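Shown next, in structure tokens, is the structure this report addresses.
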Amino acid sequence: MVLTASTMLSLGTKAPDFQLPDVRSNQIVSLDTFAGKQGLLVMFICKHCPFVKHVQGELAKIGQDYGNSNLGIVAISANDAAKYPDDDFHHLQEMAQELGLNFPLCYDESQETAKTYTAACTPDFFLFDANQQLVYRGQLDDSRPGNNEPVNGKDLRAAIDAVLASQTVNSDQKPSIGCNIKWKPGNEPDYYGA
């Protein structure tokens, strides 16, 4: 495990398109899946990471709490499943079922989507507005494994609430911290400090 922070992609960046299989439905999910939404939350997660395990209940709760809102949510796992078999398609299916996820959990086998989003760690969060422009990237909240801070999603939830209310999201944002994305050998992106 290498402790890694978000790249903090520039605010205003247009959401990159993707076409990935959802482990829950076996359907292809893309940016167009969320057309017309007031906001879109893209989360890079995986099954084995202790930082994701620490917050996975809150991630499922965010899906439940905003399930009837005009927010699109998609989670993506891009880890090298050859070296980390807990993060393969089948184990991601188990994770989605165990957590009762009500949003797509996609498998980025090529890791190209993670690269286009400049994802660096798990968890890594990207929130886009109605124009699919980036308004938030950073941490879920101040909680980390072992620091005794509550897992409440306050930073991400505040940004989501602002987007859904057509308000400006606070630009003072702290990077997410987690395990590095497990890149396939030779596939590490230029922005990644591997």
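Taken together, the values in this text are just the output of simple stated rules run on the coordinates, not laboratory data. Source: prediction; values computed, not measured. Please note: Cβ atoms are built from the backbone with ideal geometry, for glycine as well, and neighbour counts cover all protein chains shown.
Pairs of Lys residues in segment 3-180, spaced 8 or more positions apart or belonging to different chains, with C-alpha separations under 26 angstrom: 23 in total.
Of all DSSP-defined beta bridges confined to segment 3-180, some 70% are antiparallel rather than parallel. The alpha carbons of segment 131-194 give a radius of gyration and a Dmax of 15.0, 43 Å, in that order. Of the trypsin sites (Lys or Arg not before Pro) found in segment 70-137, the ones in coil according to DSSP and having at most 12 other Cβ atoms within 10 Å of their Cβ are 83. Considering helices alone, the calculated mean residue ellipticity of the chain at 222 nm is -6500 deg cm²/dmol, with DSSP H runs of length four and up weighted by -39500 (n - 2.57) and normalised per residue.
Using a Förster distance of 22 angstrom, determine the FRET efficiency expected from the C-beta separation of residue 158 and residue 33, and round it to 0.05. Kindly include the intermediate steps, with their values, before the conclusion.
Working: r = 25 Å, r/R0 = 1.15.
Using R0 = 22 Å, I get an efficiency of 0.30.
Using a simple charge model, +1 on the beta-carbon of Lys and Arg, -1 on the beta-carbon of Asp and Glu, nothing else, what dipole does the chain show about its Cα centre, in debye to the nearest 20? Provide the component values of the computation, followed by the final result.
Working: 15 positive and 24 negative charges, 35 e Å.
Rounded to the nearest 20 debye, it is 160 debye.
For the options 77, 176, 69, a Gaussian network treatment of the chain with springs between C-alpha atoms closer than 10 Å singles out 69 as fluctuating the most. Sorted ascending by nearby beta carbons within 10 Å, beginning with the fewest, 20, 92, 164 become 164, 20, 92.
Projecting the Cα positions of 123, 23, 158 onto the charge dipole of the chain (unit charges on Cβ atoms of Lys, Arg, Asp and Glu, taken about the Cα centre) puts 158 furthest along the positive direction.
Here is the result for segment 1-77: no trypsin sites (Lys or Arg not before Pro) lie in DSSP coil with at most 14 other C-beta atoms within 10 angstrom of their C-beta. Its Cα gyration tensor gives segment 1-72 an equivalent ellipsoid; the semi-axes, largest first and in whole Å, are 22, 17, 15. For the chain, the list of Cys residues with no other Cys C-beta under 4.7 Å reads 46, 106, 121. Of the residues 90, 48, the one with the fewest other Cβ atoms within 10 Å heads the list, and the complete ranking is 90, 48.
Using a Gaussian network model of the chain in which every pair of alpha carbons under 10 angstrom is joined by a spring, one finds that among 87, 155, 65 the greatest mean-square fluctuation is at 65. When only alpha carbons of the chain are considered, Rg and Dmax amount to 15.1, 43 Å.
Normalised by the number of residues in the chain, what is the relative contact order in percent for Cα pairs under 8 Å and 6+ residues apart? Walk me through the intermediate numbers first.
Values: 391 pairs, mean separation 61.6, N = 194.
Reported as a whole number, the value is 32 percent.
With a cut-off of 11 Å, note down the residues of segment 36-57 whose backbone N falls inside the zone around a label point 7 Å from the Cα of residue 69 toward its beta carbon. Only 38-41 pass the distance filter.
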